[in-house]
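None of the figures in this text is laboratory data; all of them are computed from the coordinates on show. Remember, it's a predicted structure, so these values are computed and weren't measured experimentally. Cβ: placed from backbone, ideal geometry, glycine included. Neighbour counts: every protein chain shown.
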Amino acid sequence: MFLPRLVIRNLSRHKRRVFITALIIAFAILVYIMIEGLMMGLTEISFANIINLDSGHLQITDRNYFADRDELPLKNLLTPTREIEEQIEATAGLEAYTRRLDFSVNLNNGIDELPVKGVGIDPGKDPAVFDLEKHLISGRMPTAGSREIIMGARLADLMDFEIGDYGIMLIRTAEQTFNTIDGEIVGLFNTPHPSLNDSTVFIPLSTAQASLNLGDQISHYVLRMEERQRGITAVEDLNPALNDPLRAYSWRSTSENLIYMLELQQIETQIVLAIILTIAAVGIVNTVILSALERMEELGMMKAMGMREKEIVHIFMGEAAGIGLIGGIMGLIMGAIGLYIFNHYGIDMSTLAGGGEITYGFPVSGTIYAGWSIASFVFVFSYGLFVSILASIFPALWAARKDPIKAIYHR
Amino acid sequence: MKFLINIALKNMFRNKLRTFVSVLAIAFAVIVIVFARGLIDGMIESSYSMYIHYDTGHIKIMDQEYEQKQRLLSLAYTVDGIANKSLSEMENELLKLEGIEMVIPRVKFGAAVSTEEELVQMMAWGVDGQKELKFTNLERELVEGRMVSSGNREVVMGTELLRRIDKNVGERVTMVFNTAYSSFQGATFDIVGRIESNLPLLNKDLVFMPIDTARHLLYLEEESTELLLVTDDRDKAINYLPAVKNYLSANEGERYLAQEWREGSSFIQLLQVGERIYNFIYIFLLLLASIVVINTMVMIVNERTQEIGMMSALGLKKKDILKLFILEGGAMAVIGSFIGSIAGGTLTYFLSDIGINYGTAIEDMDILMTTIIYPNFKLEHLIFGFSLGIVITSLTAIIPAYRAANMDPTEALRDI
C-alpha cells in the first residue's frame with residue numbers, strides 16, 4: 001500500500017498541472033463519445049429506415065438478379081411456388097412476408113418525364129412487412145387489382161401532381177415493347193427515407209405484373225422477422241433449403257454501401273481520437289518529466305535509501321495512470337452530458353446539411369438522435385488510460401535511471 | 001529588448017529535454033493543422049471546380065421555373081432569347097458585359113438506350129464541344145477518341161455507361177428521348193469518345209452530343225435549357241453579377257434567373273460553413289497543445305522564483321519580466337511551429353500526388369465530388385499553421401508570465 005499512497009500524494013502536489021493535463025484526455029474522450037454517439041444514432045436510424053421501408057429484414061431472390069438489382073432488370077425474376085412459401089413459413093422467427101416486383105418507370109405528367117423506380121406491392125400483405133402506410137400524409141393505400149398508385153409528396157410536388165390526378169407510367173415489358181399505365185394517384189407519403197420520397201412509385205402487384213406481361217413473376221420475397229438479428233441468422237437456415245438460383249439476403253447484405261460508408265466514418269472518428277490522444281500523450285510525457293525534474297533530489301534520496309528503479313518507474317506510471325483516470329472520468333461525465341443534450345433536443349438533419357437537402361447518402365431525414373453504448377464508453381476510457389500509461393514509460397525510465405548522487409547534487 | 005531576448009534564449013537551453021517536449025507538442029499540432037487544411041482545401045477546391053464545371057458555371061442563367069425543376073430535365077422552360085433578340089444575339093451581348101469571357105450554352109435532357117435486358121437511363125447534354133474542352137477538365141478525362149464536333153450525330157460517353165449499354169467507341173448507339181413537343185423519338189449516333197472520370201456523374205450518367213444536333217432533334221432551334229457564363233476570376237463573379245442582372249431586366253428578361261455559383265448548390269454553401277468551422281477546430285487543437293507549454297512555463301516560473309525576485313529587486317520592471325517569459329514561450333512556439341509546418345508541408349506535398357481514395361463511399365451521395373481527394377499543397381497553409389501556432393501559444397504563455405511578473409520581490413526572494 002506504500003506505492004499507491006505515494007502516487008496519490010504526488011498527484012495532489014500540483015493539482016492544477018494534473019488537472020489541465022487530464023483535461024486534454026477528457027477532451028479527446030468527449031469528442032470521441034460525441035462523434036461516436038452521433039454516428040451510432042445515424043446508423044441506427046439508417047438501418048431502421050432501410051428495413052422498415054426498403055429492404056425488410058430478409059429478401060429471397062435469384063442470385064443473378066441480386067447482382068444487378070440496382071438496374072431494375074426484368075430477367076432472372078422468380079416465380080412464386082407453394083414450395084418456396086412453405087419454406088419461408090417454416091423459418092423460425094418469421095412475422096410476415098410479402099412479394100414485391102421492382103421495375104423501371106418513366107413517370108410522365110404530360111409535359112416532362114422522370115425516370116423513377118416502380119414497386120409492385122401486395123396491398124394485403126405489404127403493410128405487415130413495411131411501414132409505408134404509417135407515413136401516408138394524405139389519401140390512402142392503393143387497393144388490390146386497381147390502377148391506383150401512391151408516391152412521395154416531394155415527387156408529386158416536383159411533377160405538379162395532386163391526389164386524383166393520373167400519372168402516366170411508361171414501362172418496358174419483358175418482351176422489349178413499350179406500355180403505359182395510367183395510374184390514379186390515391187395517396188402521398190412522406191417517409192424518413194429520402195430516396196423513397198424522391199423517386200419511387202408504388203402500384204398494386206397484380207397490375208404491375210399484367211402491364212409488364214410477367215404472369216405472376218416477382219423480383220423478390222421480403223420477410224419481416226421478430227427482430228433484426230433474426231434476419232441475419234435466418235439466412236443460414238434458409239440458404240441450404242432453397243433451390244439453386246434462389247438465395248436469401250439479410251438486411252446487412254442489401255445495404256452494403258451504407259455499411260461501407262459507416263466503416264469509413266468509423267476510421268475517421270478513430271483518426272480524430274488518435275490525433276487528440278497523441279497531443280495528450282505528449283502532455284503526459286511533459287508532466288512526468290516536469291515532476292521528475294522537480295523531484296530530482298527527492299528521487300536521489302529515495303534511491304539512496306534503497307528504493308529500486310522499478311519502484312520509481314511504477315510511481316511515475318501510477319501518476320500517469322492517475323491523470324488518465326481523472327481525465328477519463330471527466331471525459332465520460334462531459335460526454336454523457338453532451339449526449340444527453342444532443343438527445344434532449346435532437347439534431348435536425350437539415351442543419352447538418354446547411355439548410356439544404358443533402359443527406360450524404362444516408363437514408364435519413366428529419367431529426368436524428370444520438371445513440372448510447374456502454375461498449376464505446378468503456379473502450380474510449382480504457383484507451384485513454386492505456387495511452388496515458390504507455391506515454392509515461394519512457395520518461396519514467398529516464399527519471400529512474402538518474403544517478404542518485406548526481407540527483408541529490410542536482411542544484 | 002535585445003537584453004531580454006538574450007536571457008530568454010539562454011533560459012530555453014537550461015533544460016533542453018523540457019523545452020524539447022513542449023516544442024514537440026506544438027510541432028505535432030501544427031503538422032495536423034497544415035495537413036488537415038491541405039486536405040480540406042483539396043476537397044473543397046475540387047468540389048468547387050466540379051460544381052462550376054458541371055453545374056453552375058460562374059454565373060448561370062436559366063428560367064425561373066426551371067430552377068425548381070432541374071431534376072426533371074424539363075424542356076418546357078428554356079432560355080430562348082430576350083426581348084425580340086434571338087438566343088445567339090443574347091449570347092453576344094452577354095459576352096460584351098464586363099468580365100464575361102465565355103458563354104456556354106447547354107441543352108440538358110433525359111435520354112435512354114434500350115439494351116436487350118433493360119432501358120438504361122442517362123442524362124444527355126447538348127454542348128459546344130470546343131467550349132467545353134476549354135472550360136472544363138474534360139480533355140484530361142477523355143481517355144479514348146475525341147470530343148463531339150458540331151453538325152454530326154455523335155456522342156461521347158462515360159466508361160461505366162458504355163459498359164452498361166455494352167458498346168465501345170466506334171460503334172453506333174440508338175437513343176430514345178422526348179422532344180420539346182413531348183413526342184417520343186429515337187436517333188442513332190456514332191460513339192466517338194470515352195470519358196473515364198473520378199466523378200460518378202461523368203462516368204455513369206452523362207452523354208455529350210453536339211448542341212446543334214440536340215437542338216435539331218428536340219425541336220429547340222435557338223434555345224438552351226441554360227447558359228453558363230464564365231468570368232475571368234470565379235471570386236469576382238459576384239461583382240459581375242449585377243451587370244448581368246441589369247442586362248436581363250433592361251431587356252424584359254424578368255423570367256430569367258441569374259445565379260452566382262455559390263448560390264447554385266446547397267453543398268457549396270455547406271462547404272463554406274464547414275471551412276469556417278474547421279478554423280475553430282484548428283484553434284482548439286492548438287489550445288490543447290499549448291496546455292503542455294503552459295505546464296512547462298508554470299514549472300519554469302516556480303523554479304526561478306528566487307531569480308525573478310532578484311531581478312525585480314535589481315530593477316527589472318514588471319513589464320520586462322512579463323516580456324521575458326512571453327519571449328521564452330514565444331521562442332518555443334516559433335521553433336515548434338516551424339518544425340511542424342515544414343513536416344506538415346512535406347506530408348501534404350507527398351500525398352498531393354498520391355491522393356486519398358474514398359472509393360465507393362461517395363458514389364451514392366447526391367453531390368458532385370470525386371472519389372479520390374488530392375490534398376492541396378500551398379505555401380499559404382504552411383504560413384497559416386506557422387502563424388496560428390505562434391499566436392495561440394504566445395497568447396497562452398501570458399498566463400504563467402503574468403504570474404511571474406506579479407510576484408512581490410521580497411516574497412519571491414524568501415521562497416525556498
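Working from Cα pairs under 8 Å separated by at least six residues, relative contact order for the stretch A:57-254 is 35 percent.
Relative contact order of chain A: 28 percent, from C-alpha pairs under 8 Å at least 6 residues apart in sequence.
Summarising the strand pairing of the stretch A:57-254, around 80 percent of its internal DSSP beta bridges are antiparallel. Remark: the stretch B:154-164, residue by residue, has Karplus-estimated 3J(HN,Hα) of 9, 9, 10, 10, x, 4, 5, 5, 4, 5, 5 Hz, where x stands for each Gly or Pro and the curve is 6.51 cos²θ - 1.76 cosθ + 1.60 at θ = phi - 60°.
Once each part is reduced to its C-alpha centroid, what is the distance from the stretch B:126-179 to the stretch A:260-293 in angstrom? Distance between centres, Cα-based: 49 Å.
Averaging the Cα positions of each part gives two centres, and for the stretch A:302-339 and the stretch B:17-35 these lie 23 Å apart. Relative to the longest principal axis of the Cα atoms of chain A, the long axis of helix A:374-400 makes an angle of roughly 30 degrees. By DSSP, what percent of the beta bridges with both residues in the protein assembly as shown are antiparallel, rounded to the nearest 5? Expressed as a percentage, antiparallel bridges in the protein assembly as shown total about 80. As I understand it, the value is the acute angle between the Cα axis of helix A:2-11 and the longest principal axis of the Cα atoms of chain A; what does it come to in degrees, rounded to 10? That works out to roughly 80 degrees.
Treat the count of other C-beta atoms within 10 Å as a stand-in for reagent exposure and order B:Y54, A:Y166 from fewest to most. By the 10 Å Cβ count, ascending, the order reads A:Y166, B:Y54.
Amide H to amide H distances under 5 Å link A:G118 with A:F103, A:S104, A:V105, A:V201, where only residues 5 or more positions off or on other chains count and H is placed in the peptide plane. Label sites at B:E196 and B:I356, each approximated as a point 7 angstrom past Cα along Cα to Cβ, lie 2.6 nm apart. In a GNM of chain A with a 10 Å cut-off on Cα contacts, which of A:V129, A:V313, A:V119 has the highest mean-square fluctuation? Residue with maximal mean-square fluctuation among A:V129, A:V313, A:V119: A:V313. Annotation: the residues B:W125, A:W372, sorted from fewest to most other C-beta atoms within 10 Å of their own C-beta, follow the order A:W372, B:W125. Taking amide H positions as modeled 1.01 Å from N, with prolines and chain starts lacking one, the residues under 5 Å from B:K108 and 5 or more places away or on another chain are B:G126, B:T225, B:E226. Taking all Cα pairs closer than 8 Å and separated by 6 or more residues, the relative contact order of the stretch A:189-281 comes to 12 percent. Springs between alpha-carbon pairs under 10 angstrom, Gaussian network model over chain B: which of B:S352, B:S224, B:S312 fluctuates most? Among B:S352, B:S224, B:S312, the largest GNM mean-square fluctuation belongs to B:S312.
Considering only C-alpha atoms, what is the centroid distance from the stretch A:151-175 to the stretch B:273-291, in Å? Cα centres, the stretch A:151-175 to the stretch B:273-291: 49 Å. Listed values for the stretch B:124-129 are Karplus-derived 3J(HN,Hα) couplings in whole Hz (6.51 cos²θ - 1.76 cosθ + 1.60, θ = phi - 60°), namely 9, 10, x, 9, 8, x, and x replaces Gly and Pro.
Taking amide H positions as modeled 1.01 Å from N, with prolines and chain starts lacking one, the residues under 5 Å from A:D165 and 5 or more places away or on another chain are A:I185. Applying both filters, DSSP loop and at most 13 other Cβ atoms within 10 Å, to the trypsin sites (Lys or Arg not before Pro) of the stretch A:121-174 gives A:R140.
Pairs spanning more than 27 Å between alpha-carbon atoms, out of B:K10/B:K378; A:K117/B:K60; B:K60/B:K85; B:K2/B:K317: B:K10/B:K378; A:K117/B:K60. Among B:D41, A:D182, sorting on how many other beta-carbon atoms sit within 10 Å of each Cβ, with the fewest leading, yields A:D182, B:D41. Span-like helix criteria (full DSSP H runs; alpha carbon extent of at least 30 Å along the helix axis; mean Kyte-Doolittle hydropathy of at least -0.5) are satisfied in chain B by B:16-51, B:266-303, B:318-354, B:379-405. The mean count of C-beta atoms from other chains within 10 Å of the C-beta of residues in B:73-83, rounded to a whole number, is 2. For chain B, the antiparallel share of DSSP beta bridges with both residues in that region comes to about 80%. Between helix A:15-50 and chain A there is an angle of about 10 degrees, using the helix long axis and the longest principal axis of the Cα atoms.
Only helices enter the 222 nm calculation for the protein assembly as shown: every DSSP H run of n ≥ 4 contributes -39,500 (n - 2.57), and dividing by all residues gives -17500 deg cm²/dmol, rounded to 500.
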